1. Of all residues being assigned to a loop (DSSP other than H, G, I, E, B) and among the hydrophobic types (A, V, I, L, M, F, W, C) in the range 182-201, which is farthest from LYS160 (Cα to Cα)? Just the residue, please.
2. Suppose we filter ARG283, ARG243 for residues that are in contact (Cβ under 8 Å) with a residue 40 or more places away in the chain and among the basic types (Lys, Arg); which single one remains?
3. What about ALA414, is it among the aliphatic types (A, V, I, L, M), surrounded by fewer than 17 Cβ atoms within 10 Å (Cβ to Cβ), out of contact with any Lys or Arg (no Cβ under 6 Å at 6 or more places or on another chain) and modelled with pLDDT of 95 or more?
4. Could you please let me know if VAL54 is more than 30 Å from THR206 (Cβ to Cβ), β-branched (Val, Ile, Thr) and modelled with pLDDT of 95 or more?
5. Given the options ALA365, ALA401, name the one that is of a type in the set (A, V, I, L, M), in a helix (DSSP H, G or I) and closer than 30 Å to ARG273 by Cβ.
6. Here is a check on your reading of the model: is ALA65 part of a loop (DSSP other than H, G, I, E, B) and buried (at least 20 other Cβ atoms within 10 Å of the Cβ)?
7. Of the conditions (1) part of a loop (DSSP other than H, G, I, E, B); (2) touching a Leu at 6+ places or on another chain (Cβ under 6 Å), LEU244 fails just one. Which one is it?
8. With the condition kept exactly as written, say whether any residue in the range 405-421 is more than 21 Å from the chain's Cα centre (by Cα), part of a helix (DSSP H, G or I) and touching a residue at least 60 places away in the same chain (Cβ under 8 Å).
Amino acid sequence: MTPILSWPVLARVRRRSLLLLPILLLRPPFPVCAQGTGPIAFEQFTLANGLQVVFAPDRVSQAVAVEIWYEAGARTVPRAKAGLARLFERLMFAGTTHVAPGAHGAVIADLGGQSTAEVSEEVTRFGTTVPAERLNLALWLEAERMQALAINDSSVGQAKLALLEDLRDRLNREPYTGALLAGVSALYDSTTCAGYAQPAIGYAGTITGIQTEDVRRFYLQHYGPAAARLVISGSFEPTDARRLVMEYFNEIPRGTTAPVPTCTGAAPAAGTRRSVTDRLARRAAVALVYRLPPHDHPDSPALELLGILLAEGPNARLSIALPGAVATQGGIVGDRRGPGAFLLFAVAASGVSTDSLTARLAAAAAWAGGDGLTETDLRDAKSIYRATAVSGRERAEDIAAALQHAATFHGNLATINEEPDRVLAVTLEDLRRVARTWLIPQNASTLVITPEAAS
């Protein structure tokens with residue numbers, strides 16, 4: 001069944017992102033290597049100031065990617081300042097001591113390169129891809145904003161206005177978004193897991209209340225070398241790259257670092273159900289949100305395949321099991337170092353009750369844990385996974401992001417060459433066991449969304 005909406009943010013950052021959920025949680029890109037494509041070679045070292053550096057040269061590439069991740073995700077922000085981390089998507093382009101406002105992006109674009117900036121619950125990611133001969137410029141620009149970002153009332157005010165406009169646009173133009181934001185956040189307790197209990201984009205009230213001094217303090221705590229990892233991939237000579245890294249980054253002060261908050265709390269109580277209205281929705285909808293273990297849990301490879309089985313391809317179970325839905329989506333919502341979430345979502349056709357839709361979504365989850373799931377289903381899911389895995393390592397920036405993912409979510413760069421094999425080694429009994437463990441009613445929260453006019 002084809003989704004009736006195509007919302008871009010999650011779609012662009014991971015293939016199994018939920019197309020109906022643009023701002024629930026940005027998933028860091030997870031391109032992986034597959035059998036037959038060969039391992040990714042890398043080397044790593046750490047500067048005296050704590051900056052972790054990873055090289056992954058590929059002389060076949062025509063470009064070089066510079067990817068830097070900071071321990072500055074939404075989970076590092078207190079609830080009263082929700083949205084603070086997201087401001088840096090814009091602030092990091094607001095200029096430095098030696099770079100004019102907006103010049104960073106403009107210079108990269110003039111070279112034919114591209115820049116990205118994304119904030120998730122876990123990290124803030126900045127990526128730049130440039131022609132191989134301009135690696136020096138890309139590194140210098142990153143070093144500039146690591147040590148000399150322009151933080152003042154003007155730059156902060158402009159970033160706040162832009163973020164508020166982004167929030168208004170999404171909530172005023174995209175049905176179901178606000179409700180689903182709340183539905184996923186409701187899995188987490190605001191006292192034991194504040195960072196997951198709030199959207200990365202924040203709220204209008206919290207964004208408005210952020211002061212310049214809040215931004216400056218956050219920058220000093222979370223944007224120093226000791227809180228960052230720099231990955232360079234693509235066409236470059238490691239000897240030259242090491243010299244440039246030492247020249248531009250080695251003398252930057254280590255800076256202070258703040259501890260990354262932990263996330264605890266119990267799973268939702270059995271039968272938890274919430275009903276909300278959505279003035280933008282034209283049809284009723286239902287979401288089942290399941291609490292998952294952290295991304296590095298041994299069950300995660302099977303959960304990846306369950307997302308494919310339920311929501312992807314011509315034989316996706318949601319499409320087959322929900323003839324009373326005009327749109328369906330499902331899968332893991334974000335990669336998290338703390339407890340994750342898995343969502344099944346459907347928009348009701350005319351005349352279909354939300355109770356019926358809820359029952360059918362639950363039945364689809366139960367199917368995954370029963371005898372109806374076959375070896376043919378598993379083989380089809382692995383084929384989809386493998387095809388996407390191969391295409392997911394074609395660009396230098398894909399390799400850089402995959403290395404960052406391995407280090408951040410698995411604590412080991414070598415997993416970039418191991419995780420695909422783990423997914424492809426999943427057995428039919430693994431799938432059934434994992435579905436019976438996690439995709440069960442007592443681990444689910446039900447969200448019913450109705451059009452405002454029908455409330």
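The values are calculated or read from the model by the stated rules, or taken from the named source; none is laboratory data. Since we're looking at a predicted model, the values are computed, not measured. Cβ: placed from backbone, ideal geometry, glycine included. Neighbour counts: every protein chain shown.
1. LEU187
2. ARG283
3. Values: among the aliphatic types (A, V, I, L, M): yes; surrounded by fewer than 17 Cβ atoms within 10 Å (Cβ to Cβ): yes; out of contact with any Lys or Arg (no Cβ under 6 Å at 6 or more places or on another chain): yes; modelled with pLDDT of 95 or more: no.
For ALA414, the condition - among the aliphatic types (A, V, I, L, M), surrounded by fewer than 17 Cβ atoms within 10 Å (Cβ to Cβ), out of contact with any Lys or Arg (no Cβ under 6 Å at 6 or more places or on another chain) and modelled with pLDDT of 95 or more - is not met.
4. Values: more than 30 Å from THR206 (Cβ to Cβ): yes; β-branched (Val, Ile, Thr): yes; modelled with pLDDT of 95 or more: yes.
Yes.
5. Details: ALA401 fails: closer than 30 Å to ARG273 by Cβ.
Checking each option against the conditions leaves just ALA365.
6. no
7. (1)
8. Taking every residue of the range 405-421 in turn, at least one turns out to be more than 21 Å from the chain's Cα centre (by Cα), part of a helix (DSSP H, G or I) and touching a residue at least 60 places away in the same chain (Cβ under 8 Å).
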